[in-house]
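The values are calculated or read from the model by the stated rules, or taken from the named source; none is laboratory data. This one's a predicted model, so the numbers in the text were calculated from it and none came from an experiment. Cβ sites come from the backbone with ideal geometry, for glycine too, and all protein chains shown count toward neighbours. These area figures cover heavy atoms from the full protein model, side chains too; ligands, DNA and RNA do not enter into them. Shrake-Rupley method; radii C 1.70, N 1.55, O 1.52, S 1.80 Å.
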Amino acid sequence: MAMREIWHEVMIEAAPSAIYEALTDVRKLGQWWIPDTRGRSGQGEMLEFWFSEDACQLMQVSALEPDRLVRWRATDSDLSDWAGTEVEFRILPNFGRTRVHFRHSGYSDSTEGFPYYSMSWAVFLVSLKELLEKGKGRPFPNDWIGQ
């Protein structure tokens, strides 16, 4: 079966350590992605992203390299299109700014929501950038996603 991946890249005027913190601190994850984020962001631990009262995506933290890499693996839960997929953030210093390479891989070729997921991730990477550069992100739901 063919697999699909989402790739995005964003340049952020912030130190790699600030970006890493925004990707691993549960409170900060809620400021740019899903406000109701729970759990622990340690390797092997679980994060809970509550999109609504009855829709939670569980992610197991599968890799952490301080200031360089954050990787999650989606478990089987309410968002079944994501089951078994992998989300990866690579943090790369770039002449005083930081480049974030984003990848969400492992979607089946028949995933109907794939275009929506790709657009959503682009919007939330902009939200991450805005949180770090302007002090305020636009987490779910926002003007583009979820209203």
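Once a ≥ b ≥ c are taken as the square roots of the eigenvalues of the Cα gyration tensor of region 10-63, is the result rounded (a/c under 1.5), prolate (a/b larger than b/c) or oblate (a/b not larger than b/c)? In terms of gyration-tensor shape, oblate. The mean accessible area for residues of the chain, using a 1.4 Å probe and ignoring ligands and nucleic acids, is 51 Å² per residue. Counting only protein heavy atoms and a 1.4 Å probe, tell me what percentage of region 1-132's accessible area is made up of carbon and sulfur. With neighbouring chains kept in place, the figure for region 1-132 is 49 percent. For the pair SER105 and GLU133, a Förster radius of 25 Å applied to the C-beta separation gives a FRET efficiency near 0.40, rounded to the nearest 0.05.
Using a cutoff of 8 angstrom between alpha carbon atoms and counting only pairs six or more residues apart, the relative contact order for region 25-64 works out to 31 percent.
In this view, the solvent-accessible surface of GLU45, computed with a 1.4 Å probe and all protein chains in place, comes to about 60 Å². Which residue, chosen from ALA22, GLN57, ALA74, occupies the Cα position most advanced towards the positive end of the dipole of region 8-83, where the dipole is computed from +1 (Lys, Arg) and -1 (Asp, Glu) charges on Cβ about the Cα centre? Among ALA22, GLN57, ALA74, the one farthest towards the positive end of the dipole of region 8-83 is ALA22.
With axes computed from alpha carbons, what is the tilt in degrees of helix 114-134 against the longest principal axis of the chain, rounded to the nearest 10 within 0 to 90? Between helix and principal axis, roughly 20 degrees.
Which loop chymotrypsin sites (Phe, Trp or Tyr not before Pro) in region 72-147, with loop taken from DSSP, have no more than 11 other Cβ atoms within 10 angstrom of their Cβ? When the chymotrypsin sites (Phe, Trp or Tyr not before Pro) of region 72-147 are filtered for loop state and at most 11 Cβ neighbours within 10 Å, PHE95 remain.
Shape class of region 67-147 from the Cα gyration tensor (axes a ≥ b ≥ c, square roots of the eigenvalues): oblate, since a/c reaches 1.5 or more and a/b does not exceed b/c. Length gained on full extension, MET3 to ARG97, computed as 0.36 nm times the residue gap minus the Cα-Cα distance: 30.6 nm. Using C-alpha pairs below 8 Å separated by at least 6 residues, the relative contact order for the chain is 29 percent. Going by a ≥ b ≥ c, the root eigenvalues of the Cα gyration tensor, does the chain fall in the rounded group (a/c under 1.5), the prolate group (a/b larger than b/c) or the oblate group? Rounded shape, in that the Cα axes give a/c under 1.5.
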